[in-house]
There are 2 protein chains.
Amino acid sequence: MKNRKILLTEQEVPEFWYNILADMPNKPLPPLHPGTREPIGPEALAPLFPMELIKQEVSTDKWVPIPDAVRDVYTLWRPTPLYRAYALEKALDTPAKIYYKYEGVSPAGSHKPNTAVPQAYYNQQEGVKRITTETGAGQWGSALAFACNLFGIECEVYMVKISYDHKPYRKMMMNTWGAKVYASPTDHTQAGRMILAQDPNSPGSLGIAISEAVERAASDENTKYALGSVLNHVLMHQTVIGQEALKQMEKAGDMPDIVVAPFGGGSNFAGIAFPFLRLNFEEGRNIRCIAAEPSSCPKLTRGVFRYDFGDTVGMTPLLPMYTLGHNFVPAPIHAGGLRYHGAGVIVSQLLKDRLIEARAHEQLECFESGVLFARTEGIIPAPEATHALATVVQEAQRCKEEGVSRTILFNLCGHGHFDLKAYEDYFEGKLVSHEVTQGEIEASLAQLDTPLIG
Amino acid sequence: MKNRKILLTEQEVPEFWYNILADMPNKPLPPLHPGTREPIGPEALAPLFPMELIKQEVSTDKWVPIPDAVRDVYTLWRPTPLYRAYALEKALDTPAKIYYKYEGVSPAGSHKPNTAVPQAYYNQQEGVKRITTETGAGQWGSALAFACNLFGIECEVYMVKISYDHKPYRKMMMNTWGAKVYASPTDHTQAGRMILAQDPNSPGSLGIAISEAVERAASDENTKYALGSVLNHVLMHQTVIGQEALKQMEKAGDMPDIVVAPFGGGSNFAGIAFPFLRLNFEEGRNIRCIAAEPSSCPKLTRGVFRYDFGDTVGMTPLLPMYTLGHNFVPAPIHAGGLRYHGAGVIVSQLLKDRLIEARAHEQLECFESGVLFARTEGIIPAPEATHALATVVQEAQRCKEEGVSRTILFNLCGHGHFDLKAYEDYFEGKLVSHEVTQGEIEASLAQLDTPLIG
């Protein structure tokens with residue numbers, strides 16, 4: 001009988017997060033103040049984040065210890081299984097060996113709790129009573145609701161109104177874990193009231209929801225804010241994925257030639273890829289790490305590398321990153337977690353330095369790969385994860401054409417239980433591919449007056 | 001750090017199913033023909049089931065080998081984890097030790113694939129092209145769709161129309177695995193057309209859906225029928241759960257005093273309990289096995305032991321079982337999998353012989369336990385599973401009152417991702433408890449003209 005799963009014991013949950021900043025040949029440029037456009041230090045983040053997370057945000061220590069209380073919660077679902085995708089390989093008739101790390105076994109159903117748990121923990125340690133955040137389709141909001149509940153912290157989620165109305169299941173999940181979920185824009189905040197005054201029927205947006213969550217945190221000393229991707233500490237927390245996968249690949253007596261992950265803000269990709277990039281840095285290996293993004297939101301493959309805001313309304317510090325411009329409005333694809341105009345600064349610098357690769361895929365191609373996976377390996381992937389699958393299928397087909405066996409590892413970051421409507425639309429022929437014209441990208445970028453990077 | 005999870009390797013997936021018929025002191029009485037009411041043999045089942053499953057249905061071999069091809073598919077998710085529920089224990093402030101076996105890690109999200117996979121396999125081996133079945137809320141239908149897809153068999157699911165309309169997610173899941181799902185009653189069958197002629201807007205029922213699925217199988221030699229509970233072979237396939245759990249308890253250096261599972265038709269309960277009952281039979285142990293049923297459908301605690309039909313319309317053989325009468329219409333509780341008037345014959349005989357126990361719980365009590373579990377252990381349980389939880393909470397509280405530590409094991413048979421509306425209703429105070437009066441039960445039983453027992 002074949003060994004499909006490579007498992008680890010709870011004692012093998014990593015004891016440290018890996019901080020790639022320590023190993024990068026070129027460190028990212030500093031963030032700039034949104035008003036003065038001068039470099040800012042960590043103290044600027046103090047109203048929004050607990051001190052320990054701010055320290056992690058700027059730390060250059062290579063290994064950051066994971067507190068026992070966080071590891072203890074991790075063991076509710078970690079270590080996650082690594083699978084050899086024998087059935088997918090057979091269906092593709094490829095000489096490639098395909099492995100996947102399955103993060104959908106977490107209670108929230110994705111990789112997001114890997115950072116939600118330490119964020120809730122450090123807030124609790126510093127006496128924070130309430131954490132606010134924004135959420136679109138609800139993956140991040142449900143992970144934070146889960147984590148806050150375990151540490152006895154109130155969780156207040158501003159959920160984009162159109163998602164709140166159309167995707168009730170994730171809201172119900174957050175309620176089950178005791179979070180308060182509001183359809184944003186609300187009348188609780190100045191930002192929300194301002195929007196509602198302009199348009200009482202506003203469907204909301206991630207930008208508005210961020211503004212509401214940040215305003216609430218900034219105006220109450222017992223309340224902090226949490227973000228589910230982009231920031232350095234968030235990416236670092238996710239490295240438990242790749243560290244486990246590395247150990248599991250070693251157990252399987254194998255090592256990936258190619259590592260693939262979906263790309264939204266970068267935490268999913270960083271989680272699985274950074275521990276393998278470490279081997280490239282330390283041992284001169286040449287493991288290719290590929291970020292798979294939607295062709296409807298192609299910041300890595302067609303954006304520019306310059307300073308831009310992290311949010312739509314321009315409240316955050318300016319960050320040096322690949323961006324389509326903070327006014328870019330991505331098409332309404334089902335992979336809601338990938339509809340973000342920018343990219344985390346670490347991942348952007350790595351791409352700039354050609355230490356990682358990026359590839360874009362059409363929505364229809366992604367769902368085709370997703371259905372193939374569901375019908376071979378059994379697990380129905382989240383729409384975000386199907387982007388990684390599309391890259392995997394391409395690489396496996398290339399192996400077949402070239403008659404070469406390569407080992408491919410990808411991050412199956414979550415299940416699609418709350419995204420089945422997307423599959424239904426696919427089967428009914430209602431899904432479309434969203435092509436972005438060069439003109440649209442240029443028009444969005446032309447609106448930027450943010451600093452260029454030399 | 002505490003050890004929450006006890007894991008097994010793929011090599012430890014059981015190699016045999018355990019057939020409790022071999023060990024029962026009193027064997028069940030034979031099924032009777034629905035017309036002649038004379039005992040029938042296995043050949044009567046030949047139009048509906050492949051020969052190998054019919055052999056298993058009547059086998060008294062203690063151990064039945066699991067084919068390699070089935071074990072290979074099992075490894076997609078098996079062995080499933082056994083958890084020590086430290087957080088729940090702490091919340092209950094109980095000296096009891098609580099363990100749970102988590103079957104929600106299967107692709108379909110419940111224990112149902114444990115029997116769907118071998119059923120699909122044996123059908124494929126005997127050249128069957130298509131399998132029909134009925135489904136209510138969709139747990140069983142999605143498990144069979146998953147299994148048929150893997151073995152290249154067409155799957156045709158008759159889904160009760162009101163569920164088809166109100167619970168679209170499980171239908172979408174079945175479609176993703178390539179099944180054809182019809183809102184029953186349909187115009188494909190005589191049974192369906194007859195119902196539609198009487199009531200073009202019929203909401204359907206499980207009884208009607210069974211009639212349609214059985215009619216389709218009986219009228220086409222390439223088509224067979226599959227059932228997700230009640231029958232002996234179905235219960236036997238589920239014993240992989242308890243066999244793994246036994247090995248895991250031994251690894252944990254512990255042994256349950258009490259084993260608990262939800263009870264619908266019996267496969268969930270049989271799956272975890274029978275391998276522990278084996279120890280009672282073989283070694284004279286006294287492990288208490290408790291079936292937890294809804295108080296709105298209390299066949300084990302308030303029904304009678306007599307011959308009755310397995311379906312509502314009276315097409316199936318008459319089976320010796322605990323029943324509320326085949327015309328009993330259970331209240332519309334959210335635990336759809338437990339809304340069945342009868343019980344499998346093996347479990348009924350064991351209860352009759354006082355070798356197992358049964359307990360009934362109100363819907364509100366169940367959801368209260370389910371929310372406590374979700375907020376401590378993280379996993380949101382299926383409504384069916386909350387019935388076991390209600391028993392567990394009672395037993396843990398009794399331990400506290402008596403100052404005694406007992407070890408309790410229960411079957412967390414599935415997650416509640418597709419049942420979140422039920423939790424929402426609970427939080428909004430819309431859920432009610434459905435009390436069945438003695439008069440209602442007696443009125444249903446008074447309609448029976450089926451043979452009495454003993």
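The values are calculated or read from the model by the stated rules, or taken from the named source; none is laboratory data. What you see is a predicted model; the values in this text were computed from it and never measured. All Cβ positions, even for glycine, are placed from backbone atoms using ideal geometry, and neighbour counts span all protein chains on display. With ligands, DNA and RNA removed, areas are computed over all heavy atoms of the protein, side chains included. Shrake-Rupley method; radii C 1.70, N 1.55, O 1.52, S 1.80 Å.
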Fraction of antiparallel bridges per DSSP, region B:260-368 only, in percent to nearest 5: 45
Cα-based reach from A:K180 at 12 Å (exclusive), listing aspartates and glutamates while leaving out same-chain residues under 8 positions away: A:E134, A:E154, A:E156
Residue-normalised accessible area of region B:301-359, given per residue in Å² at a 1.4 Å probe: 34
About the Cα centre, charge dipole magnitude for the protein assembly as shown (Lys/Arg +1, Asp/Glu -1 at Cβ), debye: 800
Gained length - A:L364 relative to A:S433, 0.36 nm times residue gap less alpha-carbon distance: 24.3 nm
Cubic angstrom per residue, convex hull over Cα atoms of region A:183-239: 92
Simple Cβ-charge dipole of chain B, Lys/Arg +1 and Asp/Glu -1, about Cα centre, in debye nearest 20: 680
Pairs from B:K2/B:K421; A:K167/A:K352; B:K2/B:K400; A:K62/B:K90; A:K224/B:K251 whose Cα-Cα separation, in the structure shown, is over 32 Å: B:K2/B:K421; A:K167/A:K352; A:K62/B:K90; A:K224/B:K251
Region B:1-128 shape via C-alpha gyration tensor axes, a/c threshold 1.5: prolate
Distant-in-sequence amide H partners of B:D311 (H built 1.01 Å from N, under 5 Å): B:T316
Computed magnitude of the charge dipole of region A:138-296 (debye, nearest 20; Cβ of K, R +1, Cβ of D, E -1): 240
Area accessible to solvent at B:M172, 1.4 Å probe radius, in Å²: 10
Rounded D (µm²/s) - region A:307-429, Kirkwood Rh over Cα pairs, Stokes-Einstein at 10 °C, 1.306 mPa s: 97
Chain B - Rg (one decimal) and Dmax (whole number), Cα, Å: 20.6, 65
For region A:437-445, Karplus couplings with θ = phi - 60° (6.51, -1.76, 1.60), whole Hz, Gly/Pro x: 7, 4, x, 5, 5, 5, 5, 5, 5
Sum of -39500 (n - 2.57) over DSSP H runs of 4+, divided by residues of the protein assembly as shown (222 nm, nearest 500): -12000 deg cm²/dmol
Viscosity 1.306 mPa s, 10 °C: Kirkwood-radius Stokes-Einstein D of the protein assembly as shown over Cα pairs, µm²/s: 56
DSSP beta bridges in the protein assembly as shown [antiparallel fraction, %, rounded to 5]: 35
11 Å beta-carbon shell around B:G204, net charge (K/R +1, D/E -1): -3
A:T407 long-range amide H proximity, modeled H, under 5 Å: A:K97, A:D257, A:I258
For region A:165-304: span of alpha carbons on each principal axis (Å, largest first): 59, 36, 30
Among A:A218, A:M321, A:L88 - extreme Cα towards positive end, dipole of chain A, charges at beta-carbon: A:L88
Relative packing of peptides B:50-58, B:344-352, B:408-416 - highest average C-beta neighbours within 10 Å first: B:408-416, B:344-352, B:50-58
Simple spin-label estimate for B:E126 and B:A218 in nanometres, 7 Å along Cα-Cβ: 1.7
Neighbouring partner chain Cβ atoms per residue of A:235-246, average, 10 Å criterion: 0
From phi via Karplus (6.51, -1.76, 1.60), per-residue ³J(HN,Hα) for region A:45-50 in Hz, x at Gly/Pro: 8, 4, x, 9, 10, x
Whole-number percent relative contact order across region B:297-422, with pairs defined as alpha carbons under 8 Å at least 6 apart: 19
Table column - 3J(HN,Hα) (Hz), region A:163-173, Karplus curve with 6.51, -1.76, 1.60, x for Gly and Pro: 6, 3, 6, 8, 10, x, 5, 5, 4, 4, 4
Number of partner chain Cβ atoms within 10 Å, mean per residue of A:157-170: 1
Relative packing of peptides A:276-287, B:262-273, A:313-324 - highest average C-beta neighbours within 10 Å first: B:262-273, A:313-324, A:276-287
For B:C289, residues with placed amide H under 5 Å, excluding near neighbours: B:V259, B:E357
Sequence-separation-based contact order of region A:136-234, relative, with Cα cut under 8 Å and 6+ spacing, percent: 25
Debye equation applied to the C-alpha atoms of region A:95-181, log10 I(q)/I(0) at 0.13, 0.21 Å⁻¹: -0.42, -0.90
Span from the region B:99-147 Cα centroid across to the region A:251-288 one, whole angstrom: 36
Sequence ranges A:25-32, B:94-101, ranked by mean other-Cβ count within 10 angstrom, highest first: B:94-101, A:25-32
Shape box of region A:65-106 [Cα atoms, principal axes, largest first, Å]: 45, 19, 9
Antiparallel %, DSSP beta bridges [both residues in chain A], to 5: 35
Region B:32-115 - accessible surface per residue (Å², probe 1.4 Å): 35
Global geometry of region A:58-217, whether rounded, prolate or oblate, following the gyration tensor of its Cα atoms and the 1.5 cut on a/c: oblate
Relative contact order, percent, region A:2-108 [alpha-carbon distance under 8 Å, six or more residues apart]: 36
Average other protein chain Cβ within 10 Å of Cβ, residues B:171-177: 6
